[in-house]
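The block underneath contains the structure these notes are about, expressed in C-alpha cells.
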Amino acid sequence: MSDLRKNIKRVFSIFALLFVLLLGYFLKFIFIDSQAVVTNASNPRISVLDEKIVRGEIKDANGLTLAYSESQGDATVRQYVYGPMYAHVVGYADRGKYGAESKYNFELQKMHFPLLQRLKNVVSGDDLAGNAIVLTLDHTVQKKAYELLGSQKGGIVVMEPATGKILAMVSYPAFDPNTINQQFSVLREDESSPLFNRAAQGGYPPGSVFKMITTAAGALFSDVEADFIYHCQGSAVYENKRIRCFNETAHGEVDLKRAIALSCNCYFAELIYRMGEEPLIAAADRFYFDKSLQYPLEYNTGSFALAPGATVSEQN
Ligand SMILES: [Zn+2]
C-alpha cells in the first residue's frame, strides 16, 4: 500500500515537473522568441505578411514628412513631398537606392514592435508601417538654402557648429526623386551630373573659406600675436611670389577682424609667414581634412596636402 502511494507521488512529481517545463517553454516563446520568429525572414507564413509592410516615412528634424509610401491600387508608390529640394539627401528607393533611402533601407522596412504592431493591424486592418527615420535637416533652413542656390551649379551645407548636425544640404543640378524611374537613364547620361551630390561628394578648392582655418591655426597652435596690424597695399611678395588682394585693392591698416571682413589675402599671407606651416597643418587636421567624417551618407573626404617647407603662396 505504501509502495503504491510512493509510486503515485513519483508519477505526480514527474508530471508536475513536465508541466513546469512546458509552462516555462511557453512563457519563453511568448516573451522572448516570438519577436525573432515573427521577424524571421525565412518563415514563409511571415513573408506573406511582410509584403504588407509599408516602407517607413523619412522626416525632417521637426517631424515634417519628406517621403512616404502611398497605396495606389495593388502597388505602393514612394512620394517625395518636396521633389528635388531633398533629392541628394533623402535619395531614392527605386532604380537602385541612394541617400537616406539606401543607408536606412533596413530600418525603413522593419517594424520596431513587430508583435504589438501586428496585433494592432489585426484589430484595425491598417497597413503595417516600417520605422520612420528622422534626419537632422531643418526644413526652414533647407528651403532657404535651396532657394539661395537656385540654378547655380554647386552645393550648400549648413551645419550647427556645436554639434556638427547638418541642418541643410542642397546640390544643383538636382533631380525629382518622384520620377527617378522614368528619368533614370537620362539623368545618368546627363553631363551636368544631377545625380551627384556636389555638397558632400564634390571636391573643390575652399578659397577664402580657408581663411577661417588659418585664423584658427594662429589662435590655437601658434604664438603669433593675434592682434598685429598689417598695412595692406593690395599686393605683397613672399618668397618671390606675388600675393594679390581681390582687384589689388589696397585695404590699408587691417587687424584680424578687418582682414576677415575684407577677405584680405595679404594679411593672411603675412599671418602664415609669421607662424609657419606646422600650425596650419595642425588646424587642417582639427577641421577633418584627410579624415573620415561622422556623416552616414555618401561623401568624399577633404584633402589638405601641404609639403613641409611649402611656400606661402601655395598655402594661401
Ligand atoms: Zn588686402
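The values are calculated or read from the model by the stated rules, or taken from the named source; none is laboratory data. On a predicted model such as this, the values are computed, not experimentally measured, just so you know. Cβ: placed from backbone, ideal geometry, glycine included. Neighbour counts: every protein chain shown.
Among all residue pairs at least 6 apart or on different chains, which show Cβ distances below 9 Å where the first residue, located in the range 291-310, is farther than 23 Å from Asn197 by Cα and part of a loop (DSSP other than H, G, I, E, B) and the second is at pLDDT 80 or above and aliphatic (A, V, I, L, M)?
Listed by first residue and then by second, the contacts come to Leu306/Leu280; Leu306/Ile281; Leu306/Ala284; Pro308/Ile281.
Out of the residues in the range 257-279 meeting the condition of being outside any helix (DSSP H, G or I) and more than 13 Å from Asp223 (Cα to Cα), tell me which one is farthest from the ligand (Cβ to nearest atom).
Of all residues in the range 257-279, those outside any helix (DSSP H, G or I) come to 263-264, 276.
Subset that is more than 13 Å from Asp223 (Cα to Cα): 263-264.
Working: Ser263: 8, Cys264: 3 Å.
For the range 257-279, the residue satisfying everything is Ser263.
Kindly indicate whether any position in the range 204-213 is within 16 Å of the ligand (Cβ to nearest atom) and either assigned to a loop (DSSP other than H, G, I, E, B) or polar (S, T, N, Q) (or both).
yes
Across the range 167-193, what is the number of residues that are in contact with a helix residue (DSSP H, G or I) (Cβ under 6 Å, 6 or more places away or on another chain) and either loosely packed, with under 14 Cβ neighbours inside 10 Å or at pLDDT below 95 (or both)?
0
Can you pull out the residues in the range 217-232 that are in contact with a helix residue (DSSP H, G or I) (Cβ under 6 Å, 6 or more places away or on another chain), outside any loop (DSSP other than H, G, I, E, B) and away from the ligand (no atom under 13 Å from the Cβ)?
Ala217, Gly218, Phe221 - these are the residues of the range 217-232 that are in contact with a helix residue (DSSP H, G or I) (Cβ under 6 Å, 6 or more places away or on another chain), outside any loop (DSSP other than H, G, I, E, B) and away from the ligand (no atom under 13 Å from the Cβ).
Are any residues in the range 274-310 in contact with a Phe, Trp or Tyr (Cβ under 6 Å, 6 or more places away or on another chain), aromatic (Phe, Trp, Tyr) and modelled with pLDDT of 85 or more, and if so, which ones?
Phe289
Consider the range 238-272. How many of its residues are more than 41 Å from the chain's Cα centre (by Cα) and at pLDDT 95 or above?
3
For the range 233-256, which positions are of a type in the set (Lys, Arg) and either more than 10 Å from the ligand (Cβ to nearest atom) or under 22 Å from Ala219 (Cα atoms) (or both)?
Within the range 233-256, the first condition is being of a type in the set (Lys, Arg), and the residues that meet it are 241-242, 244.
Those that are of a type in the set (Lys, Arg) and either more than 10 Å from the ligand (Cβ to nearest atom) or under 22 Å from Ala219 (Cα atoms) (or both): Lys241, Arg242.
With respect to the numbered conditions (1) in contact (Cβ under 8 Å) with a residue 60 or more places away in the chain; (2) surrounded by fewer than 18 Cβ atoms within 10 Å (Cβ to Cβ); (3) closer than 24 Å to Pro206 by Cβ; (4) touching a helix residue (DSSP H, G or I) at 6+ places or on another chain (Cβ under 6 Å), which one is the sole condition not fulfilled by Gly164?
Every listed condition holds for Gly164 apart from (4).
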